[in-house]
Structure formats: C-alpha cells, structure tokens
Amino acid sequence: MNVLIVLAHPEPRSFNAALAARACDVLRQAGHQVEVSDLHALKFKAVLDADDFSGEREDAEFLRVDREQTHAHSSGGLAADIVAEQEKLSRADLVILQYPMWWFGMPAILKGWADRVFTRGFAYVPGRKYDTGMFRGKRAMVSVTTGTSADTYAPDGIDGDILDILWPVHNGLLRYSGFEVLQPFVSYMPRRLTPEEREAELDRFAQHVLADVPRLFFHPQEDYGPEERLRPGVIARSGFQHNTDR
C-alpha cells in the first residue's frame, strides 16, 4: 500500500510531527510505501493566486480559478509544486492529514494545500463527486490534536461534536472528491501529557494506523432526490445533516 502523510505544523519537535513520524515508522515496518509532505519544511505556498499557472492562461485578464485550473490541468500549465503534490496523491492508496486544530479548522498552510492541489480537472469535475468522485477507491484519515479536552468536543460539549467540527474536511474535501473516509484519530490536549503518557498516545496512534479502521457513514447518492436533498423518509445520519420535517 502507498501512503501519503501530509503534516501541517511549523515546529519539527511538535507532537504532530511525532505522530507523523510514528505513523511513517510503523507503516514502513509493516511493508508499506510512505511519502511525507511536511508542508512547512517544503515552505509550501499557501495562497492560491495567478502564480499557480505557469503556462499560457485561458484568460490572462481575469482570474477565474475553476476555469484556469481546468485549463492548466489539461495543458500542463500548473506550477511545479502543485504537480509534485498531485503526483503523490495519485500514487497514494491512503492519505493521512496530520494537523493541530486551530480555530476549529485546518491551519492555513493545509487549507492552502487543499485549495491549490485539489484542482478542478484533477480532484473534481462536474458530475464526479461523492460516490463517483475522482479519488474513488482511495482512503483518507484525519489525525488531529486539540488544545482542549475530549469533554469540550463531546456531542453536548461547548465546542461541539468533534465529528461535526471535522465535517468540512471529512465531507467537503475528502468525501466530495471520492475518498472513503476513515474514523479520525484525535489526540486531546497532548501538551498536558507526561512523557510516559505521550509515548502511550503515540502507541495508540500506531495501533490506529495499522488497524482496520471503520469508515465514516455518508449517505449514498440514492438517498438524495433530484435537488440533492435527502428523500422523504430517509433519516439523516451523517455530520451536520438533519431532517427538516422533524
């Protein structure tokens, strides 16, 4: 199996970096091929702009991102750093996103990686999303650290259910582009761990990575009507979705 780990933390000695390193080690020991994109070490450009398009533009006067991405993908005009990450994604059977929860979302550098690498034409096209997404057959998993406790991310916690917080990544990025999304790994408040607890948490992650991790549930296409809303009688079971007649 080919695995891509995308690490988004600016400190090489961080717990996020340690988690990524442990996953890399145990996966390689198990015989898998592993690539790591350490976005800060790569000095990956987070901002999508006109410099993403190295070839002749479709419209040099007005930057419409979706059209320019499609044109650049088909004509070989994407910037080299984008192409390098797309090649890693193409090789990967499993993608692990490793990052700290900042302001209830991904760090800017990882959001920028998604903005720039998941281009139209490569990661999605009209009519190819969710069940029929471009990355159908690949798996993806989020591994995230938090600054607050598991209680705050409980369904009745002040921060909200962790799966709801992760919905934009799980559904809006990964499932949208066709991935089978695995149950996330969440390390709550790692900064408060003792050295012994830290090692135990790293071991827990190693076991999670090597296990047959359950898939998150997403409603299949047949549960939706022509307006892409859940059909009457289908009980909402995933993420932020809820039935409006209840």
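The values are calculated or read from the model by the stated rules, or taken from the named source; none is laboratory data. What you see is a predicted model, and the numbers here were worked out from it, not measured in a lab. Here Cβ is always computed from backbone atoms with ideal geometry, including for glycine, and neighbour counts include all displayed protein chains.
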Completion exercise
Of the residues in segment 204-246, those that are touching a helix residue (DSSP H, G or I) at 6+ places or on another chain (Cβ under 8 Å) and either over 30 Å from residue 17 (Cβ atoms) or not in a loop (DSSP other than H, G, I, E, B) (or both) come to 205, 206, 209, 210, 218, 220, 221, 230, 231, 234, 238, 240
Problem - Residue among 180, 201 that alone is buried (at least 16 other Cβ atoms within 10 Å of the Cβ), among the acidic types (Asp, Glu) and either under 18 Å from residue 104 (Cα atoms) or under 21 Å from the mean Cα position of the chain (by Cα) (or both) - result: 180
Practice task
Please specify each residue of segment 61-84 satisfying the condition of being of a type in the set (A, V, I, L, M, F, W, C), touching a helix residue (DSSP H, G or I) at 6+ places or on another chain (Cβ under 9 Å) and not in a helix (DSSP H, G or I).
Solution key: 63, 78, 79
Exercise for the section: Look through segment 115-135, keep the residues that are surrounded by 19 or more Cβ atoms within 10 Å (Cβ to Cβ) and either of a type in the set (Gly, Ala, Ser) or more than 29 Å from residue 221 (Cβ to Cβ) (or both), and return whichever of them is modelled with the lowest pLDDT. Expected result: 133
Fill in the blank from the handout: When every residue in segment 136-174 that is touching a helix residue (DSSP H, G or I) at 6+ places or on another chain (Cβ under 6 Å) and part of a helix (DSSP H, G or I) is compared, the one modelled with the highest pLDDT is 173
Completion exercise
Over segment 67-104, the set of residues touching a residue at least 24 places away in the same chain (Cβ under 8 Å), loosely packed, with under 13 Cβ neighbours inside 10 Å and within 19 Å of residue 134 (Cβ to Cβ) is 74, 91
Problem - residue 40 vs. criteria surrounded by 14 or more Cβ atoms within 10 Å (Cβ to Cβ), of a type outside the set (Phe, Trp, Tyr) and more than 29 Å from residue 163 (Cα to Cα) - result: no
